[in-house]
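One structure is given below, encoded as structure tokens.
The values are calculated or read from the model by the stated rules, or taken from the named source; none is laboratory data. The model shown is predicted, which means the values in this text are computed figures rather than measured ones. Neighbour counts run over all protein chains shown; Cβ positions are idealised from the backbone, glycine included. Surface accessibility is based on the protein's heavy atoms, side chains included, excluding ligands, DNA and RNA. Shrake-Rupley method; radii C 1.70, N 1.55, O 1.52, S 1.80 Å.
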Amino acid sequence: MKKIAVLTSGGDSPGMNAAVRAVVRKGIYEGVEVHGVYQGYQGLVNDNIKKLELGDVGDIIQRGGTKLYSARCPEFIEPEVRKKAIENLQKRGIDSLVVIGGDGSYRGAQRLNEEGIKTVGVPGTIDNDINGTDYTIGFDTALNTIIDAVDRIRDTATSHERTFIVEVMGRDAGDLALWAGVAGGAETILIPESHSDIKEVAERIETGMKRGKKHSIIIVAEGVMTAAQCAEELRKYINIDTRESVLGHMQRGGKPTGSDRVLASRLGAYAVELLLGDVRGHAVGIENNRLTKTSFDRVFEESHRIDEGLFKLSKELSI
Ligand code: ATP
């Protein structure tokens, strides 16, 4: 009987559980034995692997985080460390692995694939920064969490006539900031993919104040600078009272939205389908609502790009 394993790695994201569930259920449906690796690559090295049954993934589709736990395992870049991980799979007769995680996790998966384990990647990260898919699992949930926070901040910003600077996650990518900024009606969105001219931001706030605008919301992606740094920079050009809000890890938690659950279910099952069809070294994704596969090489070929049209629109709508 064919045996596959599944793990979650890197930063957790809402919907990872739904993806694990899909891998396990689709696998068992197809007559495959599915094993769960606990604590990502660390668990693979430490032999923390357990056979999963249908019931093991019951009651998790609605939960944030990951039942398989996640971990960072920096030493996984060492071939010797990966050799141990591969041995732990092979001694159980497992020849295939589904890796649910971000681009760092894909690098590990690519190495394993080259070294004898058939791997397929599933994009699980709130950052939406992976090539070969329009959306990553967890992005929609994190986006809605941020929007909820920004709506609340707007209430107090309006009442106190203040400028708020909201720092959001995304590592080196600006998708969360951009989408949340558009959806939350932010006046300014600062993303790493575009040069941020703080003097220009200050001038825009000043112009707004002159025509009677009393509050303003600035969304800054963590990849640009911190909210505190942004406030400091602004004060070089304009004398205003600002408040900073760092949303932090609350953005990674919470129950996944319907979109993330469906996306995770589709991508998890598709990963199993690919492995059963002997496709390896690929990442699954969704493009124009169609399931797609992209080789790891192609995923890494280009750096992630922002939706330029949406960024332009955000500026047009926040004049
Ligand atoms: P997120 O973007 O949500 O944080 P991620 O998957 O990018 O998720 P990373 O911490 O970058 O998170 O990577 C997760 C793990 O992948 C690392 O802890 C390490 O074990 C493994 N990994 C990362 N880069 C490599 C590499 N070049 N070779 C082998 N393994 C790697």
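Just a few scattered comments:
- Count - residues of the stretch 298-314 that are open to solvent by 100 Å² or more (accessible area, probe 1.4 Å) and touching a residue at least 60 places away in the same chain (Cβ under 8 Å): 3
- Of all residues in the stretch 213-228, none are closer than 23 Å to PRO14 by Cβ and hydroxyl-bearing (Ser, Thr, Tyr).
- Qualifying positions in the stretch 27-51 - more than 14 Å from the ligand (Cβ to nearest atom), buried (at least 20 other Cβ atoms within 10 Å of the Cβ) and assigned to a helix (DSSP H, G or I): GLY27
- Taking the conditions (1) within 13 Å of the ligand (Cβ to nearest atom); (2) in contact with a Gly (Cβ under 7 Å, 6 or more places away or on another chain) in turn, GLU75 satisfies each one other than (2).
- In the stretch 81-97, the residues that are over 22 Å from PHE296 (Cα atoms) and open to solvent by 50 Å² or more (accessible area, probe 1.4 Å): LYS84, GLU87, GLN90, LYS91, ARG92
- Each residue in the stretch 131-148 was checked for being open to solvent by 10 Å² or more (accessible area, probe 1.4 Å) and either touching a residue at least 60 places away in the same chain (Cβ under 8 Å) or closer than 21 Å to ARG280 by Cα (or both), and 8 pass.
- All positions within the stretch 98-127 that are open to solvent by less than 10 Å² (accessible area, probe 1.4 Å), within 18 Å of ASP260 (Cβ to Cβ) and either at pLDDT below 95 or of a type in the set (S, T, N, Q) (or both): SER105
- Restricting the stretch 89-118 to residues that are assigned to a helix (DSSP H, G or I) and touching a Lys or Arg at 6+ places or on another chain (Cβ under 7 Å), the residue that is nearest to the ligand (Cβ to nearest atom): ARG111
- Checking LEU291 against (1) in a strand (DSSP E or B); (2) touching a residue at least 40 places away in the same chain (Cβ under 8 Å), the condition it does not meet: (2)
- Scope the stretch 119-151; condition of a type in the set (Asp, Glu) and more than 13 Å from the ligand (Cβ to nearest atom); matching residues: ASP134, ASP140, ASP148, ASP151
- Among the residues of the stretch 47-88, those that are in contact with a His (Cβ under 8 Å, 6 or more places away or on another chain) and touching a residue at least 24 places away in the same chain (Cβ under 8 Å) comprise ILE49, LEU52.
- Scanning the stretch 1-21 for residues that are open to solvent by less than 10 Å² (accessible area, probe 1.4 Å) and assigned to a helix (DSSP H, G or I) gives MET16, ASN17, ALA18, ALA19, VAL20.
- Residue-level check: of (1) touching an Asp or Glu at 6+ places or on another chain (Cβ under 8 Å); (2) open to solvent by 20 Å² or more (accessible area, probe 1.4 Å), GLY258 misses just (1).
- Any hit, the stretch 267-283, residues being without any contact (Cβ under 8 Å) to a residue 40 or more places away in the chain, surrounded by fewer than 20 Cβ atoms within 10 Å (Cβ to Cβ) and not in a loop (DSSP other than H, G, I, E, B): no
- Counted residues, the stretch 149-165 - those being open to solvent by 50 Å² or more (accessible area, probe 1.4 Å) and assigned to a helix (DSSP H, G or I): 8
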